[in-house]
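Have a look at the structure below before the remarks.
The values are calculated or read from the model by the stated rules, or taken from the named source; none is laboratory data. Note that the coordinates shown come from a computational prediction; the quantities given were computed from them, not determined experimentally. Glycine also receives a Cβ, built like all others from the backbone with ideal geometry; neighbour counts cover every protein chain displayed. For the accessible areas, the whole protein counts, side chains as well, though only heavy atoms, and no ligand, DNA or RNA atoms are used. Shrake-Rupley method; radii C 1.70, N 1.55, O 1.52, S 1.80 Å.
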Amino acid sequence: MKRPIQIVALLGIMMASFTLKDQDNALKKSMEAGKGTYSAVCLACHMGSGQGIPSVFPPLAKSDYLMEDTDRAIEGLIKGLTGEIEVNGTKYNQVMPASGLDDQDIANVLNYVMNSWGNKAKATLTKAKVAKVRASLK
């Protein structure tokens, strides 16, 4: 009786490892695409290492504001940001224009910034998640 249970357990572990590997590969591919988008759209203000410009543009590196609310991060790229925000204890009050990016590009760039420079996202963002947030804004 123990043998079938062991086989089922082993198969379950193997399937889980393949799923995790697929997720890791999907995140890696998304981050690679997101890095290019970041360079084209975000780098001028948030700088190459995500440090921002002190007192002008907030950091994305180790950013409490970015990491605490994924939907808000998505919305910021869709609609832009105006008004005062606080990032890592410092207040910023600049305008960030809407990015004009499509849902896949937003997912990619957020996967990149939310998994770089000391950030570690809880989950990989998908095009479907971005589309759901976009639909809720209408």
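Under the combined filter of DSSP loop state and at most 10 neighbouring Cβ atoms within 10 Å, the range 23-117 retains these GluC sites (Glu not before Pro): Glu84. Computed over all pairs of different Cα atoms, the Kirkwood value for the hydrodynamic radius of the range 44-89 is 11.0 Å. Name the shape class, rounded, prolate or oblate, that the alpha-carbon gyration tensor gives for the range 69-138, where a ≥ b ≥ c are the square roots of its eigenvalues, rounded holds for a/c under 1.5, and otherwise prolate holds if a/b is larger than b/c and oblate otherwise. Oblate, since a/c reaches 1.5 and b/c is not below a/b.
For a quick check of understanding: with a 1.4 angstrom probe and all protein chains in place, what accessible area in square angstrom does Asp103 have, to the nearest ten? Estimated to the nearest 10 Å², Asp103 gives 30 Å². Averaged over its residues, the range 71-121 has an accessible area of 48 Å² per residue, based on protein heavy atoms and a 1.4 Å probe.
One Cα centroid belongs to the range 31-86, the other to the range 98-138; the line between them spans 11 Å.
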